[in-house]
Amino acid sequence: DQQVKQNSPSLSVQEGRISILNCDYTNSMFDYFLWYKKYPAEGPTFLISISSIKDKNEDGRFTVFLNKSAKHLSLHIVPSQPGDSAVYFCAASAWGAQKLVFGQGTRLTINP
Amino acid sequence: KAGVTQTPRYLIKTRGQQVTLSCSPISGHRSVSWYQQTPGQGLQFLFEYFSETQRNKGNFPGRFSGRQFSNSRSEMNVSTLELGDSALYLCASSLARGLAGGPRHNEQFFGPGTRLTVL
């Protein structure tokens, strides 16, 4: 039972354009969501998070949107840069639990 | 501020052996969580320690265990290794104040991982 799903295994975007990565979840108890970026042979790097009391959070080129009614979140990267090429994971947690439930990841490739 | 460190980075063991992995969290972080990453199952939560106590546990057999020391450093042990235990083992630390109150800090910062290969 996959509680966090990233349905696109890969995404290719031209440099300078917007990258949109999507994530769906099924567990209504989740109230905190995070995005991580991962390069091969390295640990995930924290990018941005959002609490369920918000519907948007911005940090520089990264914006996360949360639609609680649809149980959907998305990460927007604008403008996309070659260094953004990596695997992106969304993760979710429930109040009172440090356990993060991860999606399967989306490999983002930024083309020059 | 130094990041999360994990040792060793690479490890090769044979079936039936046991292994101990070590993690040093970011200074000031009291919560340490462990995850297993495999191509088939993705990133899966093993357990979390806070103030030397295991607070959460994932769905892994009892062969997987851990502990945390008073300086917040943590170790993870896998006994009677199986081929399927080959994976990248990741440690993550966070501020994670006690559940009773305080701001919530679920941002977990990961170490580089230990790549375990079981032959």
* Nearest-10 value in Å² for the accessible area of A:ARG107, using the 1.4 Å probe -> 130 Å²
* To do: For A:ASN111 paired with B:ASN59, estimate the spin-label separation in nm (one decimal), with each label point 7 Å from Cα along the Cα-to-Cβ line.
  => 3.9 nm
* To do: For segment B:67-79, take each phi angle, set θ = phi - 60°, evaluate the Karplus expression 6.51 cos²θ - 1.76 cosθ + 1.60, and give the result in whole Hz per residue in order, putting x for glycine and proline.
  => 7, 10, 9, 5, 8, 6, 4, 10, 10, 10, 10, 10, 9
* At most 13 other Cβ atoms within 10 Å plus a DSSP loop assignment makes a site exposed; report the longest stretch of chain B without any exposed GluC sites (Glu not before Pro). => B:1-51
* Asked: For segment B:2-119, what is the convex hull volume of its Cα atoms per residue in Å³?
  -> 97 Å³
* Determine the shielding of peptide A:99-105 by partner chains: average, over its residues, the number of Cβ atoms on other chains within 10 angstrom of each Cβ. => 6
* segment B:1-63: trypsin sites (Lys or Arg not before Pro) in DSSP loop, at most 12 other beta carbons within 10 Å -> B:LYS1, B:ARG9, B:ARG15
* Around B:VAL118: net Lys/Arg minus Asp/Glu count, Cβ-Cβ under 14 Å -> +2
* To do: Provide the buried accessible surface between chains B and A in square angstrom, both chains summed, 1.4 Å probe, rounded to the nearest 100.
  => 2000 Å²
* Could you give log10 I(q)/I(0) at q = 0.12, 0.16, 0.23 Å⁻¹ for chain A, computed by the Debye formula over C-alpha point scatterers of equal weight, without solvent? => -0.37, -0.67, -1.34
* Asked: So for the pair A:SER12, A:GLN81, with labels modelled 7 Å out along Cα→Cβ, what separation do we get in nm?
  -> 2.4 nm
* Based on Cα positions only, what radius of gyration and what Dmax would you give for the protein assembly as shown, in angstroms? -> 17.6, 51
* Can you check what the net charge comes to around B:GLN18, using other residues whose Cβ is under 15 Å from the Cβ of B:GLN18 (Lys, Arg +1; Asp, Glu -1)? => +1
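The values are calculated or read from the model by the stated rules, or taken from the named source; none is laboratory data. Source: prediction; values computed, not measured. So basically every Cβ, Gly included, is an ideal-geometry build from the backbone, and we count neighbours across all protein chains shown. Note: accessible area is taken over every heavy atom of the protein model, side chains too, but ligands, DNA and RNA are not part of it. Shrake-Rupley method; radii C 1.70, N 1.55, O 1.52, S 1.80 Å.
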